[in-house]
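Here is the structure we will look at, set down as structure tokens.
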Amino acid sequence: MGSKTFDGVRFMAYPADHDPPHVHATTAGVIVVLALLGDGGVGLADRKDAISPSNAPRSVVARILRVAAANVGELWTLWEKVHGAR
């Protein structure tokens, strides 16, 4: 597993994970799965468990998304470190 922390949000990439490229982020007891988008952006992964717990505070999810967007280049590097460059 590889991980990076930015502004109190921990981002993780797991070696057994699958495409499409994504990372798991956690802070304040909330876990969010984020898709690393081909256009250089980041967004919620298209899966039922993208936000856990499902009733997580919107402010926490929004903060995770802001921190991820500000560090998307580093998140791609993390994914590539664990899964190999594309």
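The values are calculated or read from the model by the stated rules, or taken from the named source; none is laboratory data. Note that the structure is predicted; figures quoted are calculated from it, not measured. Here the Cβ is made from the backbone with ideal geometry for all residues, glycine too, and neighbour counts use every protein chain on show. With ligands, DNA and RNA removed, areas are computed over all heavy atoms of the protein, side chains included. Shrake-Rupley method; radii C 1.70, N 1.55, O 1.52, S 1.80 Å.
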Candidates Leu44, Leu34, Leu75: whichever shows maximal mean-square fluctuation once the chain is modelled as a Gaussian network with Cα springs under 10 Å:
Leu44
Report Rg/Rh for segment 36-86, rounded to two decimals, where Rg is the Cα radius of gyration and Rh the Kirkwood radius.
1.01
Taking the 0 to 90 degree range and rounding to the nearest ten, how far is the long axis of helix 72-83 tilted relative to the main principal axis of the chain, both from C-alpha atoms?
60 degrees
So how strong a dipole does the chain carry about its Cα centre when Lys and Arg Cβ are +1 and Asp and Glu Cβ are -1, to the nearest 20 debye?
240 debye
Check Leu37: other-chain or 5+ apart residues with amide H under 5 Å from its amide H, H built from backbone geometry?
Val42, Gly43
Can you give the accessible area of Lys4, probe radius 1.4 Å, in Å² rounded to 10?
80 Å²
